[in-house]
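The values are calculated or read from the model by the stated rules, or taken from the named source; none is laboratory data. Being a predicted model, the structure only gives us computed values, none of them experimental. Cβ: placed from backbone, ideal geometry, glycine included. Neighbour counts: every protein chain shown.
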């Protein structure tokens with residue numbers, strides 16, 4: 001890399017690590033803990049790229065982006081923040097930040113983004129846009145969380161909100177698909193235009209498409225659970241997308257499961273697939289975002305308190321059970337359980353017994369991590385194998401099935417464990433309960449990539 005990078009962060013450790021890493025990469029670095037100093041450097045014409053925190057002792061980094069854009073058009077700004085909500089990602093995109101990265105971040109990943117910023121500096125054009133004051137609190141389920149899957153969703157939403165591409169939002173029930181559709185509209189340039197939700201009943205009649213388009217007037221049309229639409233209704237949906245009229249709306253569709261599989265099964269027409277899959281946002285289930293469970297729980301309890309309810313908190317053992325439970329109903333189920341516990345708990349601290357009683361009638365097994373994990377995994381594997389056999393029809397799969405299945409399980413198990421331990425093979429071997437030499441042999445035989453990383457706090 002070649003260029004001068006301006007770093008603004010009130011955390012000395014982060015400034016030091018970034019300075020060392022960027023210098024080793026060939027960059028010149030000016031680092032400061034003050035936004036005032038950063039802005040002086042920008043005005044003076046220093047720097048080819050900027051890395052800035054949001055919350056600083058003397059101001060807000062996001063609020064400085066419009067001025068940076070005005071004073072230095074084309075200067076790329078990478079925003080880093082410990083405020084791990086979709087609002088931060090959206091505000092960063094709305095302020096025309098070059099990129100956004102939540103803390104803690106992966107240093108090699110940040111370095112790649114800096115390199116890209118320096119490369120594209122001359123092609124970048126940054127301008128100020130109005131900020132919208134719509135609150136995520138108005139949208140039912142919150143979009144908060146620091147997990148890697150959710151941060152990925154935040155960045156995708158921020159990049160897609162002002163595109164005209166049709167967007168498909170997929171995910172399990174309760175993950176917030178309708179909320180994402182609403183966010184895409186509320187923070188886009190179409191925010192002042194109608195937001196129209198379409199269900200199968202709206203397309204029963206022949207003139208259904210024209211009525212929907214007249215109502216939308218160039219706003220956003222959300223097709224809720226498109227896989228529930230009859231093939232006849234889907235045909236009218238295609239007609240509506242192909243003939244949007246004078247004021248073409250942006251189409252967003254939601255569905256559970258894979259649209260590709262739905263097409264293969266004949267549930268969804270192929271022409272619907274091609275028209276609605278311009279861009280895809282896949283929402284993770286709560287089982288993939290374990291680190292967000294307690295964050296969301298705290299959010300729901302605080303919301304209950306703000307609404308005039310009692311002050312409650314989860315006890316330590318109750319927290320462990322919350323993290324261990326599989327939450328088949330995802331965030332919606334978590335919200336209902338937490339609010340019910342908040343209202344019915346007899347003490348300030350919600351106990352393990354109260355959580356066990358609340359979860360005993362839920363649709364999936366609960367209890368220890370080992371119990372939940374074992375049952376869920378075995379069920380998933382069984383469903384996968386049954387589908388594998390079904391795909392072969394009346395013919396048995398090729399011989400050697402045992403070793404093939406073990407390899408398919410072994411590769412992601414070792415890869416994910418290595419990722420969780422930061423590439424430290426000694427820790428990974430200990431975690432897996434195998435000999436270090438055995439682990440090295442497996443890594444070599446299975447051609448597993450090992451990436452050591454250092455995360456910053």
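Scanning the range 308-327 for residues that are more than 16 Å from residue 291 (Cα to Cα) and assigned to a loop (DSSP other than H, G, I, E, B) yields a count of 6.
For the range 182-197, the tally of residues that are in contact (Cβ under 8 Å) with a residue 60 or more places away in the chain and either exposed (fewer than 14 other Cβ atoms within 10 Å of the Cβ) or closer than 16 Å to residue 246 by Cβ (or both) stands at 1. Against the numbered list (1) surrounded by 15 or more Cβ atoms within 10 Å (Cβ to Cβ); (2) in the same structural domain as residue 168 (by TED's automatic domain parsing), residue 325 comes up short only at (2). Condition first: in a helix (DSSP H, G or I), farther than 18 Å from residue 202 by Cα and in contact with a strand residue (DSSP E or B) (Cβ under 9 Å, 6 or more places away or on another chain). Now tell me which residues in the range 230-272 satisfy that. Matches in the range 230-272: 259, 262. Candidates in the range 6-54 are the residues that are without any contact (Cβ under 8 Å) to a residue 24 or more places away in the chain and buried (at least 16 other Cβ atoms within 10 Å of the Cβ); of these, the one that is nearest to residue 108 (Cα to Cα) is 19. Taken over the range 335-354, the residue count meeting the criterion of being crowded, with 16+ Cβ neighbours inside 10 Å and within 15 Å of residue 304 (Cα to Cα) is 8. When residue 92 is tested against (1) assigned to a loop (DSSP other than H, G, I, E, B); (2) under 22 Å from the mean Cα position of the chain (by Cα), only condition (1) is not met.
Conditions tested, residue by residue: (1) more than 18 Å from residue 164 (Cα to Cα); (2) surrounded by 13 or more Cβ atoms within 10 Å (Cβ to Cβ).
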site: 222; (1), (2): no, yes
site: 228; (1), (2): yes, yes
site: 246; (1), (2): no, no
site: 250; (1), (2): no, yes
site: 275; (1), (2): no, yes
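Report whether or not residue 284 is farther than 30 Å from residue 145 by Cα and buried (at least 16 other Cβ atoms within 10 Å of the Cβ).
no
Yes or no, residue by residue, for (1) within 14 Å of the chain's Cα centre (by Cα); (2) at pLDDT 70 or above:
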residue: 103; (1), (2): no, yes
residue: 107; (1), (2): no, yes
residue: 110; (1), (2): no, yes
residue: 119; (1), (2): no, yes
residue: 133; (1), (2): no, no
residue: 138; (1), (2): no, no
residue: 148; (1), (2): yes, yes
residue: 176; (1), (2): yes, yes
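A single member of 200, 209 is out of contact with any strand residue (DSSP E or B) (no Cβ under 9 Å at 6 or more places or on another chain), surrounded by 14 or more Cβ atoms within 10 Å (Cβ to Cβ) and under 22 Å from residue 170 (Cα atoms), and it is 200. Does residue 417 satisfy being modelled with pLDDT of 85 or more, in a helix (DSSP H, G or I) and closer than 28 Å to residue 449 by Cα? Yes.
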